[in-house]
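K.L.:
Take this structure, written in structure tokens, and hold onto it; I'll ask about it next.
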Amino acid sequence: MLKCGFFDCFAYIDCYYFCYYYMFVLVFHYYCLPLLVFFFFLFLEWGIFLVGLQLEWKKGKVSPILSGLRASFKLKSMPLSIYHDADGLPRIILSEPSGSSAEVLLYGGQVVSWKNERREELLFMSSKAVWKPRKAIRGGISVCFPQFGNLGLLEKHGFARNRLWSLDSDPSPLPPVNNQSSVDLILKSSEDDLKTWPRSFELRLRISLSPRKLTLIPRVRNTDSKAFSFTVALCNYLSVSDISEVRVEGLETLDYFDNLMHRERFTEQADAITFDAEIDRVYLSTPRKIAIIDHEKKRTFVLRKDGMPDAVVWNPWDKKTKAPKDLGDEDYKTMICVDSAAIEFPIVLKPFEEWKGHQELSTVSSSYCSGQLDPRKVLYGFQ
Ligand SMILES: O=P(O)(O)OC[C@H]1O[C@H](O)[C@H](O)[C@@H](O)[C@@H]1O
């Protein structure tokens, strides 16, 4: 007869615990441990990726692997409509809720109109502008790349303003835009351009509209196997009531190259720039903020820029022999060009590096007190 004492019960329970423990060890070793190892390496990989992303972004450089990964995770953006006007040039219309708008041509990646909420045009467009390819359109905001002016062997101001750009579906590392107030454009080196400028590049431009503000973010990526350098400018043709009533502040005491004096270097002596004759100067290492004050219209344009240390100031005045053919005789009176530029020190990019600039044009619709460059002071009287 089998007898089962009190302590035999414990032996019986112990045996079960041992089996559970053994099973747990088996499961842990064969299932959980591999899973833990898997997740450990997964998180490690993502950590390295995110740190890399941040470092690359801080340096302003982007590797193709990172940009490829980003592209695969990007959000789908809302398609923008492309219109063809009477001139046949494809254009994109940007708008935002306050009522302001902008028009952007694929030809040249050029902004040709920027209207405020009262539908007033803020950019100058020549009465004789030629709306046909292979010639830059006289007005708006044009992109000079890869050469400013005649500072090289290429055509004046480079070829980018005379090429057909495309919509950019992968603007990474910038997040994709998904509304009607921004557009991303891209120009890549073509076979023809490689013959005259044998450097493979991607030139991107984001144009964004917000109340009283137009922002342009140009970027250049070196997709070549060799380093290259370039000069660049955003030529802003601003609409003014009367050039003789205009004053530009923020460039005083700076050095400039005078294009009318064989690029000789001078130092600005005036406390602001006023206009009574032809002017064509490249101001060097300027502050980030420049004010263009239109006394008659009681409007001030505020130009803020980054990554483009120089500023060009140009008005051809009435020198009919010298003035461009696509400019009306009286047009010089209602325009002033103040450009954001990188000219004195060309930008150098190694393979896969990216350069990024930033320009913001805004308007302050009030009388402007000299010396108060901060538009908040003008608008709200902040001290
Ligand atoms: O006639 P474009 O090639 O468009 O150039 C227009 C003007 O652009 C810049 O402002 C230059 O400094 C000027 O020298 C030039 O005349």
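K.L.:
Can you say whether residue 249 is within 16 Å of the ligand (Cβ to nearest atom), over 28 Å from residue 174 (Cα atoms) and touching a strand residue (DSSP E or B) at 6+ places or on another chain (Cβ under 6 Å), as far as the supplied structure shows?
P.N.:
Here the answer is no, as residue 249 does not meet what is asked.
K.L.:
I've got another one for you. Inside region 256-305, can you point out the residues that are among the small types (Gly, Ala, Ser) and surrounded by fewer than 17 Cβ atoms within 10 Å (Cβ to Cβ)?
P.N.:
If we filter region 256-305 for residues that are among the small types (Gly, Ala, Ser), which is where we start, we get 270, 272, 277, 285, 291.
Passing the criteria: 270, 272, 277, 285.
K.L.:
Among 325, 320, 333, which is modelled with pLDDT of 95 or more and not in a strand (DSSP E or B)?
P.N.:
Details: 325 fails: modelled with pLDDT of 95 or more; 320 fails: modelled with pLDDT of 95 or more.
One residue alone meets the criteria, 333.
K.L.:
Give region 131-183 a look and list any residue that's polar (S, T, N, Q), over 21 Å from residue 341 (Cβ atoms) and assigned to a loop (DSSP other than H, G, I, E, B), or say none. I'd like the intermediate steps shown before the answer.
P.N.:
Step one: of region 131-183, the residues polar (S, T, N, Q) are 142, 147, 150, 162, 166, 169, 172, 178-182.
With the extra rule that they be over 21 Å from residue 341 (Cβ atoms), the set shrinks to 166, 169, 172, 178-182.
169, 172, 178, 179, 180, 181, listed by residue number.
K.L.:
Please give the number of the condition residue 329 fails out of (1) under 18 Å from residue 139 (Cβ atoms); (2) within 12 Å of the ligand (Cβ to nearest atom).
P.N.:
Here residue 329 clears every test but (2).
K.L.:
Moving to a separate point now. Out of (1) closer than 24 Å to residue 352 by Cβ; (2) open to solvent by less than 10 Å² (accessible area, probe 1.4 Å); (3) part of a loop (DSSP other than H, G, I, E, B), the odd one out for residue 224 is which?
P.N.:
Unmet for residue 224, out of (1) closer than 24 Å to residue 352 by Cβ; (2) open to solvent by less than 10 Å² (accessible area, probe 1.4 Å); (3) part of a loop (DSSP other than H, G, I, E, B): (2).
K.L.:
Out of all the residues in region 264-284, which are among the β-branched types (Val, Ile, Thr) and either within 15 Å of the ligand (Cβ to nearest atom) or under 20 Å from residue 345 (Cβ atoms) (or both)? Before the answer, list the steps.
P.N.:
If we filter region 264-284 for residues that are among the β-branched types (Val, Ile, Thr), which is where we start, we get 267, 273-274, 279, 282.
Passing the criteria: 267, 273, 279, 282.
K.L.:
Considering only region 153-166, state which residues are within 20 Å of residue 124 (Cβ to Cβ) and either among the hydrophobic types (A, V, I, L, M, F, W, C) or within 9 Å of the ligand (Cβ to nearest atom) (or both). Lay out the reasoning, then the answer.
P.N.:
Looking only at region 153-166, we keep the residues that are within 20 Å of residue 124 (Cβ to Cβ), and these are 156-157, 161-162.
Result: 156, 157, 161.
K.L.:
Another question, if that's okay. Would you be able to tell me the number of residues in region 236-248 that are open to solvent by 10 Å² or more (accessible area, probe 1.4 Å) and either of a type in the set (Val, Ile, Thr) or not in a helix (DSSP H, G or I) (or both)?
P.N.:
To start, the set of residues in region 236-248 that are open to solvent by 10 Å² or more (accessible area, probe 1.4 Å) comprises 237, 239, 241-242, 244-245, 247.
Now drop any that are not either of a type in the set (Val, Ile, Thr) or not in a helix (DSSP H, G or I) (or both), which leaves 237, 239, 241-242, 247.
The qualifying residues number 5.
K.L.:
Within region 60-100, take every residue that is small (Gly, Ala, Ser) and under 20 Å from residue 126 (Cβ atoms) and give me the one that is modelled with the lowest pLDDT. Reasoning before the result, please.
P.N.:
Restricting attention to region 60-100, the residues satisfying the condition of being small (Gly, Ala, Ser) are 60, 63, 67-68, 71-72, 77, 81, 86, 88, 95, 98-100.
Those still in the list that are under 20 Å from residue 126 (Cβ atoms) too: 86, 88.
Values: 86: 74, 88: 83.
Of everything passing the filter in region 60-100, 86 is modelled with the lowest pLDDT.
K.L.:
If I ask for residues that are within 12 Å of the ligand (Cβ to nearest atom) and charged (D, E, K, R), which ones from region 129-152 would you list?
P.N.:
135, 138 - these are the residues of region 129-152 that are within 12 Å of the ligand (Cβ to nearest atom) and charged (D, E, K, R).
K.L.:
Go through 126, 190, 182 for me and flag whichever is at pLDDT 95 or above, within 16 Å of the ligand (Cβ to nearest atom) and farther than 19 Å from residue 233 by Cα.
P.N.:
On the way: 190 fails: within 16 Å of the ligand (Cβ to nearest atom); 182 fails: within 16 Å of the ligand (Cβ to nearest atom).
Selected residue: 126, the only one of 126, 190, 182 that is at pLDDT 95 or above, within 16 Å of the ligand (Cβ to nearest atom) and farther than 19 Å from residue 233 by Cα.
The values are calculated or read from the model by the stated rules, or taken from the named source; none is laboratory data. All of these numbers come straight from a predicted model, not from anything done at the bench. Positions of Cβ are generated from backbone atoms using ideal geometry, with glycine treated the same way; all protein chains shown enter the neighbour counts. Heavy atoms of the whole protein, side chains included, go into the accessibility calculation; ligands, DNA and RNA do not. Shrake-Rupley method; radii C 1.70, N 1.55, O 1.52, S 1.80 Å.
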